[in-house]
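To start, the structure itself, in structure tokens.
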Amino acid sequence: MRAPAAQSTSLFHFVERKWLYFLLSGLFILPGAVFIVLGGLKPGIEFRGGTLLDARFEPVPATEGVRDVMASLGHGGAIVQRAEGGRLLIRTSEMQPAEIVAVEKAFNERFPGALREAPSSSVVSPSFSAELLTNAVRAVVFASVLIVLLIAFAFRSFGWSAFRYGAAAIVALLHDALVVLGTFAILGYFLNVEVDSLFVTAVLTIIGFSVHDTIVVFDRIRENMRLNAGEPLNPVINFSLMQTLARSIITSLTVLLTLLALYLFGGYSVRNFALALIVGIIAGTYSSIFNAAQVISLWQELDDAWRGRRKARRAAA
Amino acid sequence: MSGIGPWLIALVALVAIWVDIPKHQIDLPFGCPGICLRIGERYFFQEIKTHLGLDLQGGTQLVLRLKTEELPAGVDTPLPTLNDQARGVIDRRINALGVSEPVIQSIGDDKILLELPGVADLQQAQEIATRQAFLEFKVPDEANPGQYQSMEPPLTGQNLKPTFVTFQGSGSTAPVVNFEFSSPDDQRWVDLSKQYVGKQTQILLDGREISSPTIREVFASGRGVIEGGFTTQSAKELSLLLNSGALPVPLEIVQSTRVEPTLGADSVQRSVVAGVVGILLVAIFMIGYYRLPGALAIVALAYYAILTYAAFRLIPVTLTLAGIAGFILSIGMAVDANVLTFERLKEELRTGKSLRAAVEEGRRRAFPSIWYSNLATILSAAILFYFGTGTVKGFALTLGIGVAISFFTAVLVTQLLLHLAIEVPALRRRALYGVEERAAAPVRPAPQAV
């Protein structure tokens, strides 16, 4: 069973078709990238500063009426959205506690008896939001660097080519992050879906998960290279991917099942978070099967080609 | 995987279940609702309960910033000290109000996180957190009649003994706040009365006049009263404010969150449903796909859930909405180590190995992947915890703890169950492990496990 070269003809052509898989990834990332450039990623109040009010009504008044009330209190730019359970989400600029109390009073006057309880509120001052954003970016960068070091350490037995594995894992990780960012740029552009600290958390979790998946595949490649010393790289990679295929898909499936439960039943405050994770984990599974090891293979091919040319030149000289 | 191991794992499970039970009906020798230890002179007390975050139980949360730019010139107290002092003042104010389980933490040097569970009044929370309570006594300005000026140095409320409210006037109906200066300001107070007897002075709180009493006689001690046309309520509030001390630096609110209890309760209910559905879906899938090992993995998963919840109650971890999401996510991830092991097990079985050898080989070969992949997740959780605030921290903590515990349960508990299962003759059919029966290995005579 451990004779990759003999097996490879009957296997799924993971490595041979790498350009097709790279192209597919590109087709997914490109539209998202366009919308990221178009400013589709909409920062939520945490990263922009402002107020989010969450008020439960029964009966629920028309959003226009609520907007009028907000305008009469000097918040003409308020965005009013319906949420489940008779809740209205109102987004506007930073408010002082006294203003929030005034809003509550105005609602009670305009829609007598409809407001079920004092609105829940969340206010972030713009100065603090800048700090939160910096922290979020710093966390993502720092996490990525540490994870690369971890991979380099895990594959230190390969010597310098351990960094190839590290680099390939980063390619996979960037792929996954870009797919999620792109998806939310599209959602933000068309549906005003906002990006908050939970979203950043989701991206970081996806990065961790992506590496998790990639490590499992690379670990198999390492083991098979040891068992089949002297074999060419591509068949070993193919064989390793075949062996880890079931595990990659099943693990993602179990995680997706829990996320699906979270998405369907967890309520609107965690729905976008669950969605980001679902998109990211699907992307992560794809990249660990169809991208990460293929990068290693491509690198080796380029390396071989370069060496071959040098040898040919030396022979000619 | 023999001898004491299984018993230890069973013992841990029992302790975890005990911790998980909401109310301990059995009155163990501890005699207190939690863990109580006495080692020599030191007492250790830890109440066991589920701590719900503000977003789940309702209440008000504020992030406050020390406005160092408004510090009077010449004050060069280091920022951490100012932060400590400010937290002390807020702590005393909250204690006097009787808010249960408040949280007052510094975030870095220049910010304070304040959580007031059950406090729905945002304005009240703002008062508690940002009223400076800076009391000053001013004397008549000789150069500008009708104006007041600060003394040199200013006479403030810094050296006041605890104040209290009494009633004065006809029928003792007018509430007044009684104060008494301690040394050295008591002498200055007496001197002030000597110098300005018969004249009007001014008492200010945070720069606003609250009273302008006329000094009728020379005082004999550092005592005095503030009569500011108070109601009983406002007199008590002032007394409390003065007793808690003045904030050393003005504070501003940079973030405020108020969650209604019903929204929180709704979130808890939804999270529980999501968690239960998630576990059920995973269980159905695992048993359907892996048969016997899948069922064992579900037992290990239940063990994992019990242990993790116990850890949350013991540490304690404050559960937030994001934290529960992290926990639910970690359930999905906890299965991964089992999947890795079982896939290996199948492979080894297909090469014709005996069950015992295959279980052992599966564990050995799957381990590096499990180790490094879990490490990667714990690493990102640690970074999230370090850089994150509030929501993100809660998520990182539960995800990190979850993954760490799942590593333990997947490697130890699942293995133990597998080893136990393959010793039961009825459970040795290869079909139970998802492998074709025909490849069955001959039963080896050697009694030792490989």
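Every read-out reported here was derived from the displayed coordinates using simple, explicitly stated rules and does not represent laboratory data. All of these numbers come straight from a predicted model, not from anything done at the bench. Virtual Cβ from ideal backbone geometry, glycine too; neighbours counted across all protein chains shown.
At a Förster radius of 25 Å, what calculated FRET efficiency corresponds to the Cβ-Cβ distance of B:L427 and B:T351, to the nearest 0.05?
The calculated FRET efficiency here is 0.75.
Using only the alpha carbon atoms of region B:333-386, find the Kirkwood hydrodynamic radius as the inverse mean reciprocal pair distance, in angstroms to one decimal.
Numbers: mean 1/r = 0.0830 Å⁻¹.
Hydrodynamic radius (Kirkwood, Cα only) of region B:333-386 equals 12.0 Å.
Taking amide H positions as placed in the peptide plane 1.01 Å from N, state which residues far from A:E94 in sequence (5 or more) or on other chains have amide H under 5 Å from it.
Distant-sequence amide H within range of A:E94: A:G50, A:T51.
With a Cα-only, solvent-free Debye model of region B:135-244, what are the log10 I(q)/I(0) values at q = 0.16, 0.19, 0.22, 0.23 Å⁻¹?
Ignoring solvent entirely, the Cα scatterers give -0.72, -1.02, -1.35, -1.45.
³J(HN,Hα) across region B:288-299 via Karplus (A = 6.51, B = -1.76, C = 1.60, θ = phi - 60°), whole Hz, x for Gly/Pro?
Once rounded to whole Hz, the list reads x, 8, 9, 6, 4, x, x, 4, 5, 4, 5, 4.
How big is the protein assembly as shown by the Kirkwood estimate over distinct Cα pairs, in Å? Working shown, then result.
Numbers: mean 1/r = 0.0328 Å⁻¹.
For the protein assembly as shown, the Kirkwood estimate is 30.5 Å.
Using the Cα atoms of region B:239-383 to build a convex hull, what is its mean projected area in square nanometres? Show your work: numbers first, answer last.
Numbers: hull surface 54.2 nm².
The directionally averaged projection comes out at 13.6 nm².
Divide, for region A:201-246, the radius of gyration over alpha carbons by 2.2 N^0.38 Å, where N is the residue count. Spell out each step's value before the answer.
Numbers: Rg = 12.9 Å, N = 46, 2.2 N^0.38 = 9.4 Å.
For region A:201-246, the normalised Cα radius of gyration is 1.37.
Do the alpha carbons of any pairs in B:K49/B:K236; B:K138/B:K161; A:K42/B:K393 sit beyond 26 Å of each other, and which pairs?
Working: B:K49/B:K236 35 Å; B:K138/B:K161 19 Å; A:K42/B:K393 23 Å.
Among B:K49/B:K236; B:K138/B:K161; A:K42/B:K393, the Cα-Cα distance tops 26 Å for B:K49/B:K236.
Quick one: helix B:321-350 against the long Cα principal axis of chain B, what's the angle to the nearest 10°, folded into 0 to 90?
Taking the Cα atoms of chain B, the angle to B:321-350 is about 20 degrees.
Give me the percent relative contact order of chain B, please, defined on Cα pairs under 8 angstrom at least 6 residues apart.
Values: 698 pairs, mean separation 80.7, N = 450.
Worked out over chain B, it gives 18 percent.
Would you kindly derive the ³J(HN,Hα) couplings of region A:155-162 from the backbone phi angles with the Karplus curve 6.51 cos²θ - 1.76 cosθ + 1.60 (θ = phi - 60°), listing them in order in whole Hz, with x for Gly and Pro?
Whole-Hz 3J(HN,Hα) from phi for region A:155-162: 10, 4, 5, 7, x, 5, 6, 4.
Using alpha carbon centroids, what distance separates region A:119-176 and region B:156-211, in Å?
Comparing the Cα centres of region A:119-176 and region B:156-211, I get a distance of 59 Å.
Taking a cut-off of 16 Å, what percent of all Cα-Cα pairs in region A:215-282 are separated by more than that? Intermediate values should be presented prior to the final figure.
Values: 1294 of 2278 pairs.
Considering region A:215-282, 57 percent of its Cα-Cα pairs are separated by more than 16 Å.
Rounded to whole Å, give me the distance from the Cα center of region A:263-317 to that of region B:237-299.
Each part's Cα centre sits 35 Å from the other's.
Could you check the spin-label model distance between B:S183 and A:F142? Points 7 Å from the Cα along Cα→Cβ, value in nm.
In this crude label model, B:S183 to A:F142 measures out at 5.0 nm.
Amide H neighbours of A:V195 under 5 Å, counting only residues 5+ apart in sequence or on other chains, H built in-plane at 1.01 Å?
Under 5 Å from the amide H of A:V195: A:K42, A:G44.
What number results when the radius of gyration of chain B, computed over Cα atoms, is divided by 2.2 N^0.38 Å?
Values: Rg = 32.8 Å, N = 450, 2.2 N^0.38 = 22.4 Å.
After normalising by residue count via 2.2 N^0.38 Å, the value is 1.46.
I'd like the mean, over residues of A:135-146, of how many other protein chain beta carbons sit within 10 Å of each residue's own Cβ.
Working: counts 5, 5, 1, 3, 9, 4, 2, 4, 9, 2, 1, 5.
Average neighbour count from other chains, rounded to a whole number: 4.
What is region B:235-332's relative contact order, in percent, from Cα pairs under 8 angstrom and six or more apart in sequence? Walk me through the intermediate numbers first.
Working: 27 pairs, mean separation 26.4, N = 98.
Relative contact order comes out at 27 percent.
Give the peptides A:222-229, B:357-364, A:203-210 in descending order of average Cβ contacts within 10 Å, highest first. Write down the numbers at each step before the final one.
On the way: A:222-229: 14.5, B:357-364: 20.5, A:203-210: 26.8.
Averaged packing, sorted descending, gives the order A:203-210, B:357-364, A:222-229.
What's the Kirkwood radius of chain A in Å, using all Cα pairs?
Numbers: mean 1/r = 0.0442 Å⁻¹.
That comes to 22.6 Å for chain A.
Identify which of B:L301, B:L122, B:L56 has the largest mean-square fluctuation in a Gaussian network model of chain B, with springs joining Cα atoms closer than 10 Å.
B:L122
If you take every DSSP beta bridge fully contained in chain B, what fraction is antiparallel? Give it as a percent rounded to 5. Before the final figure, lay out the partial values.
Values: 49 of 51 bridges.
Percent antiparallel among DSSP bridges in chain B is about 95.
May I have the extent of the alpha carbons of region A:50-124 along their three principal axes, as whole Å values ordered from largest to smallest?
Largest to smallest, the principal-axis extents are 28, 23, 20 Å.
Can you give me the C-alpha center-to-center distance between region B:56-95 and region B:350-371, rounded to a whole angstrom?
Cα centroid to Cα centroid, the span is 57 Å.
Which percent, to the nearest 5, of DSSP beta bridges fully inside chain A are antiparallel? Present the calculation step by step, with values, prior to reporting the outcome.
Details: 17 of 19 bridges.
Percentage antiparallel, nearest 5: 90.
Looking only at other chains, what is the average number of their beta-carbon atoms within 10 angstrom of each beta-carbon in B:279-286? Could you put the intermediate results ahead of the total?
Numbers: counts 3, 2, 7, 6, 2, 1, 4, 4.
For peptide B:279-286, the averaged partner shielding equals 4.
Would you please give the residues with an amide H less than 5 Å from that of B:Q149, counting only those at least 5 places away or on a separate chain, with H modeled from the backbone geometry?
B:V139, B:D141
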